[in-house]
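Right, one structure below, let's go through it.
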Amino acid sequence: MGLTNKFNSYKYKYKSKSNFTKKNKLKIQSGGNNNYDEKYKNTPYIPKSNFINEMKSNFPKFLEKSKSNSLNISLSDLFIMNINIKNNKKISINKTLKQNPNMKLDDLIQNIYYTLSKSIFIDNNILTNEKFIISRIKDQIGIDVVRSNLYINGNLDNKQDYMTNSNDTKEKVDMADIYYEKLIQNFKSVNLPVNYNLINKICLLTTQNLSNFLSDTINMYINSLIKPEMALIYNVNKITKTLIISKTKIYFILTQKSDLLVTKNQEWQTDNICGNLYFKFKVDILNNTYIMKNLQLNLNTNYIPCSPPKKINEISDDDNNNESNNTNKNYINKDLIPLFVSVAGVTTSPFILGAL
C-alpha cells in the first residue's frame, strides 16, 4: 500500500540542508523574532523554522531507505571508529570519537526522531500533516524536559518551575512553553537575537530521544564485539545535560554513566554485571557539528561471576566546568529483563531505555 497524505493539498518537497556560513554572527542572526507569547504560548504548537520544515519534508526519503521498526544506523555511521579490539572477553575503551563527515548534525537529529518517534511523522501508513508533527514534538519536549538534570549556563534548571495545575494534556504544553521561554530569556541575556531555528534544535536535543538513540547504537556496537553473548545498558545512574549559551557559542552536552549487564551462555541473569559505560557527547549547535568527547567502555567476561568492573574516570570539560556532581538516578526495572531467557538469534538491542 502506497503512502498517502492526510491533506491532499499539501505537497512534500525536498529542501536542501541549510548552508551554514563560517561566521557565527550570521548563523545567530538568521531566524525568528521574539513573538513566542503572542503566537505559540498556550497553543499545541512550537515555532516554525527551516529545520522543522526539513524534518517533515525529508521523512519520506528516510522511510524509503529504512526497514520497518529497525535501528538501521550504526555507531560507525555517526563517528570515525578508530578502535581496535583484540580480546572480546576483556574490553577496555577510553577514546574520543570524531564525527563521521558523512553524518551532519541535522541528519543525526532527523534520524533520531524518524527512528524513535516515527509515529510523529506517519500514522497507519498515512503521512501526518505539519500541525500534527509540531504538536507531537511539543508534547515530547514538555514530557522530557524535567526527566534529567539540566544545567543552563552553569545553573541547575529548577524542576519546580515546571510544576503546573493543568490537566495531563495541557500540562505538557505548559511545560514546553516554560522551557521555550527560559531559552528565549537566555538568548536575550547574552544579547543574542531570538532564533527559533536554533532554539528548536536545542529543544529536540533535550528530549530523551538523544540519550536513547546513543545508548542503543552503543549497545549494538558492544553486542557486535561480544557475540554470541549480548550486553544491555543497565542501572543508568547518571544522565546530565548541559547547555551553554554565549554570544559566540552554543553547546549542548550529554553525559551518561551506567552498568552493563551481560548474558551468560546467551541467557540473562540480573546479577551478571560485567562492565560499565560512560560517555560525554558534545554538540556545537552554531557550527552544526558534534563529537563524542569521551567514550569509556569496560567489560570483562573472563570470569563468571564477573569481576568488579574497572572504575570510570569522568572527564571535565573546559566548557563544562560548572557541571555539578549531583546525579539523577534513573533505574531500569529489573522485572523488564527476563531471567534465564535465551537470546539466541536476537541481533538488535531492546529499547529498554525508552522506559526511563
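Looking for something over 17 Å from the mean Cα position of the chain (by Cα), crowded, with 19+ Cβ neighbours inside 10 Å and within 30 Å of F79 (Cβ to Cβ) - is there at least one such residue anywhere in the range 197-216? For the range 197-216, residues over 17 Å from the mean Cα position of the chain (by Cα), crowded, with 19+ Cβ neighbours inside 10 Å and within 30 Å of F79 (Cβ to Cβ): present.
Determine whether K249 is within 20 Å of L210 (Cβ to Cβ), touching a helix residue (DSSP H, G or I) at 6+ places or on another chain (Cβ under 8 Å) and surrounded by fewer than 18 Cβ atoms within 10 Å (Cβ to Cβ).
yes
Inclusion of N276 among residues that are surrounded by 21 or more Cβ atoms within 10 Å (Cβ to Cβ) and polar (S, T, N, Q) is warranted.
Residues in the range 178-194 that are farther than 16 Å from N153 by Cβ and either surrounded by 23 or more Cβ atoms within 10 Å (Cβ to Cβ) or β-branched (V, I, T) (or both): I178, Y180, V194. With respect to (1) at pLDDT below 90; (2) out of contact with any Gly (no Cβ under 7 Å at 6 or more places or on another chain), the lone exception for S92 is condition (1).
The rows are residues; the columns are (1) within 17 Å of the chain's Cα centre (by Cα); (2) over 30 Å from T263 (Cβ atoms); (3) in contact (Cβ under 8 Å) with a residue 40 or more places away in the chain; (4) surrounded by fewer than 15 Cβ atoms within 10 Å (Cβ to Cβ).
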| position | (1), (2), (3), (4) |
| --- | --- |
| L78 | yes, no, yes, no |
| N88 | no, no, yes, yes |
| I122 | no, yes, yes, no |
| T128 | no, yes, yes, no |
| K131 | no, yes, yes, yes |
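Screening L192 against (1) more than 18 Å from the chain's Cα centre (by Cα); (2) assigned to a helix (DSSP H, G or I); (3) not acidic (D, E) leaves a single unmet condition, (2). Answer yes or no: is there a residue in the range 216-225 that is under 28 Å from S119 (Cβ atoms), in contact with a Phe, Trp or Tyr (Cβ under 8 Å, 6 or more places away or on another chain) and not in a helix (DSSP H, G or I). Within the range 216-225, not a single residue is under 28 Å from S119 (Cβ atoms), in contact with a Phe, Trp or Tyr (Cβ under 8 Å, 6 or more places away or on another chain) and not in a helix (DSSP H, G or I).
If we scan the range 64-71, do we find a residue that is among the hydrophobic types (A, V, I, L, M, F, W, C), touching a Ser or Thr at 6+ places or on another chain (Cβ under 9 Å) and not in a loop (DSSP other than H, G, I, E, B)?
Within the range 64-71, none of the residues are among the hydrophobic types (A, V, I, L, M, F, W, C), touching a Ser or Thr at 6+ places or on another chain (Cβ under 9 Å) and not in a loop (DSSP other than H, G, I, E, B).
Only residues that are out of contact with any Pro (no Cβ under 9 Å at 6 or more places or on another chain) and under 20 Å from F213 (Cα atoms) were counted across the range 77-87, and they come to 4.
Summed over the range 146-166, the residues that are assigned to a loop (DSSP other than H, G, I, E, B), touching a Lys or Arg at 6+ places or on another chain (Cβ under 9 Å) and either at pLDDT 95 or above or within 30 Å of N237 (Cβ to Cβ) (or both) give a count of 4.
Filter the range 195-215 down to the residues that are in a loop (DSSP other than H, G, I, E, B) and either farther than 17 Å from D284 by Cα or in contact with an Asp or Glu (Cβ under 8 Å, 6 or more places away or on another chain) (or both) and list them by number.
Result: T207, single match.
Among residues of the range 134-159 that are crowded, with 18+ Cβ neighbours inside 10 Å, those with a beta-carbon under 6 Å from a residue that is among the small types (G, A, S) at least six positions away or on a different chain give the pairs K138/A176; I141/A176; G142/A176.
Matching residues to (1) out of contact with any Phe, Trp or Tyr (no Cβ under 9 Å at 6 or more places or on another chain); (2) closer than 28 Å to K241 by Cα; (3) modelled with pLDDT under 75; (4) assigned to a strand (DSSP E or B):
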| position | (1), (2), (3), (4) |
| --- | --- |
| V283 | no, yes, no, yes |
| Y303 | yes, no, yes, no |
| P309 | yes, yes, yes, no |
| S316 | yes, yes, yes, no |
| D319 | no, yes, yes, no |
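For the range 88-99, the criterion of being part of a loop (DSSP other than H, G, I, E, B) and either more than 21 Å from N209 (Cβ to Cβ) or among the hydroxyl-bearing types (S, T, Y) (or both) is met by at least one residue. The sole residue among K13, K39, K67 that is among the charged types (D, E, K, R), over 21 Å from the mean Cα position of the chain (by Cα) and modelled with pLDDT under 90 is K13.
The values are calculated or read from the model by the stated rules, or taken from the named source; none is laboratory data. Treat the numbers as computed from the prediction; the structure is a model and nothing was measured. Neighbour counts run over all protein chains shown; Cβ positions are idealised from the backbone, glycine included.
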